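Engineer: Can you keep this structure in mind? I'll have questions shortly.
The values are calculated or read from the model by the stated rules, or taken from the named source; none is laboratory data. As the structure is a computational prediction, the values presented were derived from the model and not from experiment. Counting neighbours? That spans all protein chains shown, and the Cβs are built from the backbone with ideal geometry, glycine included.
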Amino acid sequence: MLIVIAALLAATAFVVLVRLLWVSARPGRYTTLITVAAAALVLGLAVLAATGRLHWLAALAAALLPFLRRGIGLLRYLPWMRSLLGSLRQRAEASRNQAGGGRSFRHNGAMSRAQALEILGLGSQPTREEILTAHRRLIQRLHPDRGGSKFLAQQLNEAKHRLLEEL
């Protein structure tokens with residue numbers, strides 16, 4: 001019985017809040033009624049959530065519905081947030097690219113054998129197994145999925161392919 005009363009109370013409070021907040025052009029006229037309706041809605045939803053008749057996330061979403069009208073005004077800040085996030089991404093990418101010590105191993109668009117050996121930390125005549133082992137060891141530490149940068153992973157892969165082509 002308590003669940004049915006809580007559900008009816010929550011539904012009534014929701015209808016009152018919707019009518020007052022979305023239909024009414026005078027927001028200051030019914031402040032006490034709005035406060036009581038909001039409290040009844042929250043209480044009814046809390047009872048439903050506590051008894052297991054309503055998931056707590058659905059109760060939270062329903063309780064926040066009346067406040068959406070005022071929150072829609074925040075949408076005007078979306079372009080500013082988008083430009084802020086874009087600049088943060090650019091800074092993060094630049095810092096990842098500089099994590100390689102600031103030097104680029106590509107001068108003419110192609111990596112030389114000496115550069116590939118230096119990147120993988122190998123001697124002058126490495127075997128296929130040494131190349132693969134060195135690449136595997138370094139890529140596990142410097143892979144982008146493990147906190148490394150795309151630039152370093154690309155350099156390691158290019159060095160491996162360059163040395164394996166010569167074998």
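Engineer: Starting from residues that are buried (at least 16 other Cβ atoms within 10 Å of the Cβ) and free of Cβ contacts under 8 Å to residues at least 40 places away in the same chain, keep the ones in the stretch 115-147 and report whichever is nearest to Ser95 (Cα to Cα).
Structural biologist: Leu142
Engineer: Among the residues that make up the stretch 15-35, is at least one of them small (Gly, Ala, Ser), at pLDDT 70 or above and assigned by TED's automatic domain parsing to the domain that holds Leu60?
Structural biologist: No, because not a single residue in the stretch 15-35 is small (Gly, Ala, Ser), at pLDDT 70 or above and assigned by TED's automatic domain parsing to the domain that holds Leu60.
Engineer: I would also like to ask the following. Could you please tell me which pairs satisfy a Cβ distance under 7 Å, a separation of 6+ or placement on different chains, a first residue in the stretch 36-54 that is more than 12 Å from Thr12 (Cα to Cα), and a second residue that is outside any helix (DSSP H, G or I) and of a type in the set (A, V, I, L, M, F, W, C)?
Structural biologist: What qualifies is Leu48/Leu54.
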